[in-house]
Amino acid sequence: MSAPLVEIRDLRIERNGATVLDVPRLDLVEGRIISLIGPNGAGKSTLLLWIMRLLKGDSGVIRHRGEEVTEGAAARRFRRRMSMVFQESLLFSTTVYRNIASGPRMRGMDRAAVRHAVERSMELFGIAHLARRHARALSGGEAQRVNLARALALGPEILLMDEPFSSLDAPTRESLIDDLERIVREGKITLLFATHDRGEAIRLSDEIIVMNRGRVVQADTPGRITQFPADEFVASFMGTETNLSGTVAASSGGVLSLTVNGAAVEAVGEIEPGRQVAFCIHPENIVFSEGPSESSARNSFRGRVTRVVPMGLYQKVYFDCGFTLVAFVSNLSTGELDIRPGRELTASFKATSVHIIRTWR
């Protein structure tokens, strides 16, 4: 395997005696789209600013293509390989063309090269018709397209973005994400972006880095992050609605029997009896039926619906069967099963749908 494009080692930043960032190791692979996800205060923006060499750390080493990036001229050379896009567009009070041209001009490119870079970047983002428009006359979506075009006009090897889509409406955001993904992948640009929107991260990323309280909790593919969360925080933050704890009552042939509030939940694993465990069940893996389950699912529980929350394309259903299950149910199935508070149903899920997060005595 080739060396990472960027290597971060032993990064630590403290403010007023409190640890803001503590990242022993983090690698960015060339050409990948990587998201930093976590709640406010997780350290996402601070990490981006440190990578950009705009913020000093108490300790930490960063290497680019195997060479350590030191201060002074080395940091400036490294910074020139990157562009950064912030949440607000922060455009200059001038035309779209001049905004996009500002970076190449600051880099000392000649007039012909500036024009080529600007025209190509405007074409990529579909904003050539806005070239003479004043920045103050742009909509939010147009302004962010100009902002991205300005960043890409520099021909960066690495693009850093901090919550770039959070202020946009859903249709505008989806359209911009589609265009950005195409442009970044065709240009083989390494993209690292911070977001608190898990749907956005799953939609766009090759790798997700989950952060909490300044630390990297888990870094993996979107599929593995969502299916196999490292701990309860990751499970909850990535949308695993049912997070439970219980005791291993029996273990045989790779199948566990977990006692949860007097009920037995079967899961796949090898853990000695008597241990306490935390586990989760993804909401899309829970299926409802009116009578006894006819599926091969090992887990089947009779109970009552306590709450139904409309989520647009589906319904979030809370179900009490001695413990609380949370399921996503299509609008069609919700109607067919007459799912409503007080409705008695059977909830079923497979043993393979139960993910053991951790164990303790």
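The values are calculated or read from the model by the stated rules, or taken from the named source; none is laboratory data. These numbers come from a predicted model, not from an experiment. Glycine also receives a Cβ, built like all others from the backbone with ideal geometry; neighbour counts cover every protein chain displayed. Just the protein is used for accessible areas: all its heavy atoms, side chains included, with ligands, DNA and RNA removed. Shrake-Rupley method; radii C 1.70, N 1.55, O 1.52, S 1.80 Å.
Strands (runs of 3 or more DSSP E) fully within the range 227-340 that include at least 1 residues being open to solvent by 20 Å² or more (accessible area, probe 1.4 Å) and closer than 30 Å to residue 209 by Cα: 242-252, 263-268, 276-281, 299-310, 314-320, 324-330.
Apart from one condition, residue 36 fits all of (1) under 30 Å from residue 144 (Cβ atoms); (2) in contact with a Lys or Arg (Cβ under 7 Å, 6 or more places away or on another chain); (3) at pLDDT below 95; the exception is (3).
Checking the conditions here, which among 210, 217 is touching a residue at least 12 places away in the same chain (Cβ under 8 Å), buried (at least 22 other Cβ atoms within 10 Å of the Cβ) and assigned to a strand (DSSP E or B)? Quick ask: steps written out before the conclusion?
On the way: 217 fails: buried (at least 22 other Cβ atoms within 10 Å of the Cβ).
The conditions single out 210.
Could you list all residues from the range 90-105 that are in contact (Cβ under 8 Å) with a residue 40 or more places away in the chain and under 19 Å from residue 123 (Cα atoms)? Lay out the reasoning, then the answer.
Of the range 90-105, the ones in contact (Cβ under 8 Å) with a residue 40 or more places away in the chain are 90-96, 99-104.
Passing the criteria: 91, 95, 96, 99, 100, 101, 102, 103, 104.
Could you count how many residues in the range 48-62 are closer than 10 Å to residue 11 by Cβ and assigned to a loop (DSSP other than H, G, I, E, B)? So the answer is 2. Note on the range 307-327: residues that are more than 20 Å from residue 296 (Cα to Cα) and within 27 Å of the chain's Cα centre (by Cα) amount to 13. Residues satisfying the criterion are present in the range 170-192 (criterion: under 11 Å from the mean Cα position of the chain (by Cα) and at negative phi).
Looking at residue 177, is it closer than 25 Å to residue 48 by Cα, in contact (Cβ under 8 Å) with a residue 24 or more places away in the chain and surrounded by fewer than 17 Cβ atoms within 10 Å (Cβ to Cβ)? For residue 177, the condition - closer than 25 Å to residue 48 by Cα, in contact (Cβ under 8 Å) with a residue 24 or more places away in the chain and surrounded by fewer than 17 Cβ atoms within 10 Å (Cβ to Cβ) - is met. Taken together, the residues in the range 137-159 that are more than 14 Å from residue 190 (Cα to Cα) and β-branched (Val, Ile, Thr) amount to 1. Every listed requirement among (1) surrounded by fewer than 21 Cβ atoms within 10 Å (Cβ to Cβ); (2) under 29 Å from residue 46 (Cα atoms) is met by residue 125 save one, (1).
If I filter the range 19-47 down to residues being part of a strand (DSSP E or B) and open to solvent by 50 Å² or more (accessible area, probe 1.4 Å), which single residue comes out as nearest to residue 78 (Cα to Cα)?
25
Scanning the range 341-361 for residues that are assigned to a strand (DSSP E or B), open to solvent by less than 30 Å² (accessible area, probe 1.4 Å) and among the aliphatic types (A, V, I, L, M) yields 345, 347, 354, 357. With the structure loaded, tell me whether residue 331 is over 30 Å from residue 273 (Cβ atoms) and of a type outside the set (A, V, I, L, M, F, W, C) or whether it fails that test. Here the answer is yes, as residue 331 does meet what is asked. Any residue that is aromatic (Phe, Trp, Tyr) and at pLDDT below 95 - is there at least one of those in the range 94-101? Taking every residue of the range 94-101 in turn, none turns out to be aromatic (Phe, Trp, Tyr) and at pLDDT below 95.
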